[in-house]
Structures are given as C-alpha cells and as structure tokens.
Amino acid sequence: MKIVHNAELASKLRRLIDATDLATVKAYLRDPQSEIDRVALVQGDHLLEEVAAVFVAGDTETYMLVAQEGGVKLGVDSLNEVRTEFQDCVVVLDTFPDNQLCDVIYLPPFYLVKIRPGRKWE
C-alpha cells in the first residue's frame with residue numbers, strides 16, 4: 001500500500017530524522033522518566049517520514065491500513081505483555097543487536113524507527 005500523505009509535512013519531518021543505534025531506542029523506552037512509552041517500527045518499503053506524517057496529521061484511518069498490512073509494528077520488550085492474537089503486530093526489540101543502525105523520528109510519546117538492515121552503528 002502506498003501511503004497517501006501530505007508531501008510538504010513529510011518533507012519537514014524528513015529533516016527530523018536522526019541516525020542512532022537501537023540501544024538508544026531501547027533505553028528511552030525502558031526509562032520510566034522518558035517521554036517515550038511506545039516504539040513503532042516502520043517495515044518494508046514504507047518511508048519513515050511518510051509514516052511520521054500520518055502520525056502527526058492524526059490520520060488514524062491510514063495508520064490502521066498501514067498497520068493491518070504489516071507496514072508498522074510496535075516494538076516491545078517481551079511477547080508476554082502481548083495478547084496472542086496481536087503477536088504478529090509486534091517486534092521484540094531484543095531480537096536486534098544493540099548496535100543495530102536505525103533512523104528515528106522523535107514524536108513523543110512515540111519513537112518512530114526504521115531499521116537499516118545489515119548496518120551497524122559504529
């Protein structure tokens with residue numbers, strides 16, 4: 001599914017993308033003092049800034065369509081906290097090494113993340 005979005009908003013959000021390691025993402029999620037309490041992992045060919053534009057615009061319908069097709073999954077610490085019928089909608093963050101390179105957009109309470117496969121934070 002191609003995300004229909006506001007191209008101008010996506011362009012602005014592209015400038016907010018930072019490269020980091022997954023250890024940083026995990027640390028923010030696990031810190032009780034952090035504003036971040038959810039991690040959304042952008043999957044497949046979806047662009048981080050396009051998914052971020054959907055979040056910022058509050059386009060729940062488009063977000064749900066992207067999520068239903070597996071284009072966005074929630075990052076969790078354990079499957080124990082996820083009901084069985086929703087386990088295909090999540091990714092256990094520790095399946096990735098801490099030095100996994102990723103791009104992020106910080107949109108409290110979310111950290112939007114796009115993993116860069118095969119790349120490590122140096």
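The values are calculated or read from the model by the stated rules, or taken from the named source; none is laboratory data. Note that the structure is predicted; figures quoted are calculated from it, not measured. We place every Cβ from the backbone using ideal geometry, glycine too, and count neighbours over all the protein chains shown.
From (1) assigned to a helix (DSSP H, G or I); (2) aliphatic (A, V, I, L, M); (3) under 12 Å from the mean Cα position of the chain (by Cα); (4) at pLDDT below 95, pick out the condition that doesn't hold for Val25.
Exception for Val25: condition (4).
When the stretch 68-85 is examined, which residues are found to be more than 26 Å from Asp98 (Cβ to Cβ) and without any contact (Cβ under 8 Å) to a residue 60 or more places away in the chain?
Those that are more than 26 Å from Asp98 (Cβ to Cβ) and without any contact (Cβ under 8 Å) to a residue 60 or more places away in the chain: Gln68, Arg83, Thr84, Glu85.
Sort out which residues of the stretch 98-122 are under 17 Å from Tyr28 (Cβ atoms) and in a loop (DSSP other than H, G, I, E, B), and write them in order of number.
Correct list: Asp98, Asn99, Pro108, Pro109, Trp121.
When the stretch 32-43 is examined, which residues are found to be closer than 15 Å to Gly75 by Cα and not basic (Lys, Arg)?
Within the stretch 32-43, Ile36, Asp37, Val39, Ala40, Leu41, Val42, Gln43 meet the criteria.
Among the residues of the stretch 68-88, is there at least one that is assigned to a helix (DSSP H, G or I) and either among the small types (Gly, Ala, Ser) or buried (at least 17 other Cβ atoms within 10 Å of the Cβ) (or both)?
no
Looking only at the stretch 92-122, count every residue that is over 17 Å from Leu48 (Cα atoms) and of a type in the set (A, V, I, L, M) and tell me the total.
So the answer is 2.
Check off (1) at positive phi; (2) in contact with a strand residue (DSSP E or B) (Cβ under 6 Å, 6 or more places away or on another chain) for Gly118 and give me the number that stays unchecked.
It fails just one condition, (2).
In the stretch 28-62, how many are part of a loop (DSSP other than H, G, I, E, B) and either farther than 20 Å from Phe96 by Cβ or touching a residue at least 12 places away in the same chain (Cβ under 8 Å) (or both)?
Total meeting the criteria: 11.
Could you tell me which residue of the stretch 96-119 is surrounded by the fewest Cβ atoms within 10 Å (Cβ to Cβ), considering only residues that are more than 15 Å from the chain's Cα centre (by Cα) and free of Cβ contacts under 8 Å to residues at least 24 places away in the same chain?
So the residue we want is Gly118.
Restricting attention to the stretch 30-55, and to residues there that are among the hydrophobic types (A, V, I, L, M, F, W, C) and touching a helix residue (DSSP H, G or I) at 6+ places or on another chain (Cβ under 6 Å), which single residue is surrounded by the fewest Cβ atoms within 10 Å (Cβ to Cβ)?
Ile36
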